[in-house]
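Worksheet for the structure shown next.
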Amino acid sequence: MIADRFDLVVAGGALITPAGRIHANVGVRAGRIAALSDGPLEADDVIDATGRIVLPGAVDLHVHFNDPGHPDYEGWAAGSRAAAAGGVTTVVDMPLVCVPAATTVKALHTKREIASRDSLVDFALWAGLVPYNRDHLDVLHQEGIVGFKAFMAYSGTDDYPFVDDDALYEGLRRAASIGATVAVHAESEAITRARTQRLRAQGRRDRRAWGEARPPIAELEAIERLLVLARDAGCPIHVVHVSLPECVEAIRRARQNGQRVTCETCAHYLTLTEDDLERIGPAAKCAPPLRTALHHDGLWDALVRGHVDALASDHAPGPADGKTRGEDDIFEAWGGISGIQSALLLLLAHGVHERGVSLEQLAWLTATNPARIAGLWPRKGAIVIGADADLLVVDLDRAWTLTPDHLYSRNRHSPYVGRAFRGWFTHVLRRGSVIVEDGRAAEAGGGAFVPAQRGLASA
Ligand SMILES: [Zn+2]
């Protein structure tokens, strides 16, 4: 029967679904998952996934493709190919470093046009919450954005000012009134600025000084303050790139007390420490900074216990000379780790193979829960009938070593070059189209804007 024929079948794999691991064939029709069956399915194309794991494509809540404005730092074409090669089939792009910053409807439209032309993967967008755009949050929200991003400390770029406590609180109140989520970079401006000035005045330029300028208390204090402000404002919040187990714990306690709050951590806080910053240099500079091995173990522990809500890359590549100019002065280096192509693969190599993270947990952390936080679920984030056929066929045991040749980013400064991995994507599918085959990404283009669904973001 013609009606029973599919465009594509992914056959024989072990699927990681919200209901657990099942052995079934996936029938894809018109870009969606149309059947999950243990019986044979007829199709024009078949991908043999026998002996393989099939994961939902990752949803990365935190990327900086810097386009429009700085396509030379990354851009949608290169960034989205790096994403695809890393198993990320939907990115949520941040509103800053691009020019203009996505703090107005016009700027959002410009970005959406460029991404619709150049992106290989599907995309959603954060809009900005800055001190001067509070009165425009409602019109921005109507554009199908995931929510608003605010900084509590200097953002690294002068055209994206941070919010002081008053501007943050008023912004949270405004966001709450329209049912929007606010994502926050939580570090104390007072502590990080004063410490940076003191260290630089002492002539410190070494790599350890970066971590000393942004100590754990600067992150913990800002998160506690944010929780108080958001609770009073009644606003759902998402705390980005949490680097410390004590911060995850503060957020978990707030949630237990009924507050609507989620958090993400990044692969670099799980796989690199302050010693790696010293060894690798500027390619491992980020904010919050890399922490100690003890913090890093605690963060793994929190993740394994299910206290972390999402894994994001905070992929933040910079200009070609951004890393070299920081070789002798860490404060001068570009801040931001280029990691979208490695994040999920690192979680497979170190989380699944070494730390007892189950594949079900991995799918929840990298796809299902981020899609829920972003309001993109159930269209994105899970292997269920009716969802987009965003699928990763995984050879769980293949061992390989990352070299610069693997990287699709425009500027290939990855802190993971030379690292041994275990786990590899044989196929990455975006809405049923193969966009990566055996590590090779397709040409850019074909990705679509995915509007956030109202009312799901805080589910
Ligand atoms: Zn970021």
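The values are calculated or read from the model by the stated rules, or taken from the named source; none is laboratory data. Note that the structure is predicted; figures quoted are calculated from it, not measured. Heads up, the Cβs are rebuilt from the backbone with ideal geometry, glycines too, and the neighbour counts pull from every protein chain shown. Just so you know, the surface numbers come from the protein's heavy atoms only, side chains and all, with ligands and any DNA or RNA stripped out. Shrake-Rupley method; radii C 1.70, N 1.55, O 1.52, S 1.80 Å.
Antiparallel beta bridges, as assigned by DSSP with both residues in the chain, represent about 50 percent of the total such bridges. In the context of the full set of protein chains, residues of region 57-374 present 32 Å² of accessible surface per residue (probe radius 1.4 Å, heavy atoms only). Taking all protein chains in place and a 1.4 Å probe, what share, in percent, of the accessible surface of the chain do carbon and sulfur account for? Solvent-exposed carbon and sulfur of the chain make up 49 percent of the total. Remark: the Ala399-Arg255 segment gains 47.9 nm on full extension, using 0.36 nm per residue and subtracting the alpha carbon distance.
With a 1.4 Å probe rolled over the protein heavy atoms of all chains, the accessible area of Arg117, Arg81, Arg193 falls in the order Arg117, Arg193, Arg81, largest first. Centre-to-centre separation between the Cα atoms of region 112-165 and those of region 399-425: 30 Å. Over the heavy atoms of Glu187, what accessible area does a 1.4 Å probe trace out, to the nearest 10 Å²? Only protein atoms counted, so the area is about 0 Å².
Counting only alpha carbon atoms, the long axis of helix 165-177 and the longest principal axis of the chain meet at about 30°. Given their separation in residues at 0.36 nm each and the Cα-Cα distance between them, Ile22 and Glu354 gain 117.2 nm when the chain is fully extended. Working from Cα positions, state the angle (0 to 90°, nearest 10) between the long axis of helix 105-118 and the longest principal axis of the chain. Computed tilt is about 40 degrees. Normalised size of region 116-235, defined as Cα radius of gyration per 2.2 N^0.38 Å with N residues, equals 1.22. Helical content of the chain, expressed as a calculated mean residue ellipticity at 222 nm, amounts to -8500 deg cm²/dmol (DSSP H runs of 4 or more residues, -39,500 (n - 2.57) each, divided by residue number, nearest 500).
Across region 328-337, coupling constants 3J(HN,Hα) worked out from phi with the 6.51/-1.76/1.60 Karplus curve, θ = phi - 60°, read 9, 8, 4, 5, 7, 6, 4, x, x, 9 Hz, and Gly and Pro carry x. Across region 55-204, the mean sequence separation of Cα contacts (distance under 8 Å, 6 or more residues apart), normalised by length, yields a relative contact order of 19 percent.
Computed from backbone phi, the HN-Hα couplings of region 210-226 come to 4, x, 5, 6, 9, x, x, 4, 5, 7, 5, 5, 5, 5, 4, 5, 4 Hz, rounded to whole numbers (Karplus: 6.51 cos²θ - 1.76 cosθ + 1.60, θ = phi - 60°; Gly and Pro given as x).
Of Val261, Val352, the order by accessible heavy-atom surface (1.4 Å probe, DNA, RNA and ligands excluded), from most exposed downward, is Val352, Val261. Taking the longest Cα principal axis of the chain as reference, the axis of helix 75-85 is set at about 50 degrees. Amide H contacts of His238: Val182, Ala183, Val184, Thr262, each under 5 Å away and 5 or more positions distant or on a separate chain (H built 1.01 Å from N in the peptide plane; Pro and chain starts excluded).
For region 283-321, applying the loop criterion from DSSP together with a ceiling of 13 other beta carbons within 10 Å to the trypsin sites (Lys or Arg not before Pro) yields Arg305.
Per the Kirkwood formula applied to alpha carbons, the chain shows a radius of gyration over Rh ratio, Rg over Rh, of 0.96. Here Lys323 is the anchor, and the lysines within straight C-alpha reach of less than 28 Å, apart from those fewer than 8 places off in the same chain, are Lys111, Lys149, Lys285. Here's how it looks for Arg32: its modeled amide H is under 5 Å from those of Ala389, which are all 5 or more places away or on a different chain. Amide H to amide H distances under 5 Å link Phe421 with Trp400, Thr401, Leu402, where only residues 5 or more positions off or on other chains count and H is placed in the peptide plane.
Here the 3J(HN,Hα) profile of region 279-296, calculated from phi with Karplus coefficients 6.51, -1.76 and 1.60 at θ = phi - 60°, is 6, 7, x, x, 5, 10, 8, 8, 9, x, x, 4, 10, 7, 4, 5, 4, 5 Hz, Gly and Pro shown as x. Projected over all directions and averaged, the alpha-carbon convex hull of region 1-40 occupies 3.0 nm². Extension gain for Asp4-Ile217 works out to 70.8 nm (0.36 nm per residue, less the C-alpha to C-alpha distance).
Of the trypsin sites (Lys or Arg not before Pro) in region 1-74, the ones in a loop by DSSP (not H, G, I, E or B) with at most 13 other beta carbons within 10 Å are Arg5.
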